[in-house]
């Protein structure tokens, strides 16, 4: 699978918010988590989002800076995003997401155009497309990227915040799709994929859209990466789970970083699985990454 020649600037575009966890608030959102984990592996991770003109927005900007993550942040009159996160006995989160947050109203401006034109890879999801303003800005960002850049649609279906039109439009714009087993069920119904084994269903999606790769995570049942030429499977490591917040984003970020460092699909997959497992042993979505993991891309 070919990867872009420019292996530096990697963007997460979409939601930036506070995760309100039982033990307190922590910076989060798939966008921020992805960019943070890319940065942990030595690439230039950038968050593209919006926060409010409030103390929560000030704190998020300061925290990203302290964690070495660059950001193209707009400030607007909507409140900085927040999500109430409740954890079940296994550390699996349930989210209650505040509507009409600042990140719903990202505007496509000269700063976003410049960032897109220099971008080697981007991750985007469905949640940040629930309002027309950010949806249009994400679309224009994707269109303004170099042709060979990686466009990762980490679908992240949340509550009622997605539509068939958004999903189909995003599938047409991406070249890597990341879904979990529950989301595969939704797509199977939405795209009328029929019946069959999970790999069969995934390959039917790949036949419908111009995907270089499809990543399927299945919780404790392991994960898969499918390309036209190969299939990669990895077991899910057994770890003592604190919570699973941000684990999927860390998988996507480390997998992307590995591809941009020239690693093979199986090697990128192996790293992503180990990173996600480590994140599950830590609180929140942005723990510092240990050297034994980051050194695997040096």
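The values are calculated or read from the model by the stated rules, or taken from the named source; none is laboratory data. Quantities reported herein were computed from a predicted structural model and do not represent experimental measurements. Cβ placement follows ideal geometry from the backbone for every residue including glycine, while neighbour counts extend to all protein chains displayed.
Would it be correct to say that residue 288 is surrounded by fewer than 16 Cβ atoms within 10 Å (Cβ to Cβ) and either over 19 Å from the mean Cα position of the chain (by Cα) or at pLDDT 95 or above (or both)? Talk me through it step by step, then tell me what you get.
Working: surrounded by fewer than 16 Cβ atoms within 10 Å (Cβ to Cβ): yes; either over 19 Å from the mean Cα position of the chain (by Cα) or at pLDDT 95 or above (or both): no.
Here the answer is no, as residue 288 does not meet what is asked.
Among the residues that make up the stretch 38-58, is at least one of them crowded, with 24+ Cβ neighbours inside 10 Å, assigned to a strand (DSSP E or B) and over 16 Å from the mean Cα position of the chain (by Cα)?
Within the stretch 38-58 (the criterion being crowded, with 24+ Cβ neighbours inside 10 Å, assigned to a strand (DSSP E or B) and over 16 Å from the mean Cα position of the chain (by Cα)), the answer is yes, since at least one residue qualifies.
Quick one: is residue 85 under 15 Å from residue 122 (Cα atoms), in contact (Cβ under 8 Å) with a residue 40 or more places away in the chain, assigned to a strand (DSSP E or B) and in contact with a strand residue (DSSP E or B) (Cβ under 7 Å, 6 or more places away or on another chain)?
It is false that residue 85 is under 15 Å from residue 122 (Cα atoms), in contact (Cβ under 8 Å) with a residue 40 or more places away in the chain, assigned to a strand (DSSP E or B) and in contact with a strand residue (DSSP E or B) (Cβ under 7 Å, 6 or more places away or on another chain).
Where in the stretch 212-298 are the helices (runs of 4 or more DSSP H), entirely inside, with at least 1 residues that are without any contact (Cβ under 8 Å) to a residue 40 or more places away in the chain and within 24 Å of residue 19 (Cα to Cα)? Talk me through it step by step, then tell me what you get.
Working: elements: 247-260, 265-280, 291-294.
In the stretch 212-298, 247-260, 265-280 are the helices (runs of 4 or more DSSP H) which contain 1 or more residues that are without any contact (Cβ under 8 Å) to a residue 40 or more places away in the chain and within 24 Å of residue 19 (Cα to Cα).
Here is a yes/no grid of residues against (1) at pLDDT 95 or above; (2) assigned to a helix (DSSP H, G or I); (3) more than 24 Å from residue 46 (Cβ to Cβ); (4) over 18 Å from the mean Cα position of the chain (by Cα):
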{"residue": "111", "(1), (2), (3), (4)": "yes, yes, no, yes"}
{"residue": "152", "(1), (2), (3), (4)": "yes, no, no, no"}
{"residue": "158", "(1), (2), (3), (4)": "no, no, no, no"}
{"residue": "165", "(1), (2), (3), (4)": "yes, yes, yes, yes"}
{"residue": "178", "(1), (2), (3), (4)": "yes, no, no, no"}
{"residue": "185", "(1), (2), (3), (4)": "yes, yes, yes, yes"}
{"residue": "189", "(1), (2), (3), (4)": "yes, yes, yes, yes"}
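Filter the stretch 231-255 for residues that are out of contact with any helix residue (DSSP H, G or I) (no Cβ under 6 Å at 6 or more places or on another chain) and at pLDDT 95 or above and give the result. Spell out the reasoning first.
Residues of the stretch 231-255 out of contact with any helix residue (DSSP H, G or I) (no Cβ under 6 Å at 6 or more places or on another chain): 231, 233, 235, 238, 240, 242-243, 245, 248.
Of everything in the stretch 231-255, those that are out of contact with any helix residue (DSSP H, G or I) (no Cβ under 6 Å at 6 or more places or on another chain) and at pLDDT 95 or above turn out to be 231, 233, 235.
Could you tell me which residue of the stretch 60-82 is nearest to residue 240 (Cα to Cα), considering only residues that are in a loop (DSSP other than H, G, I, E, B) and modelled with pLDDT of 95 or more? Before you say what the answer is, go through the steps one by one.
Going through the stretch 60-82, the residues in a loop (DSSP other than H, G, I, E, B) turn out to be 67-69, 77-80.
Subsequent filtering for residues that are modelled with pLDDT of 95 or more retains 77-80.
Values: 77: 41, 78: 38, 79: 36, 80: 33 Å.
Looking at residues that are in a loop (DSSP other than H, G, I, E, B) and modelled with pLDDT of 95 or more, I get 80.
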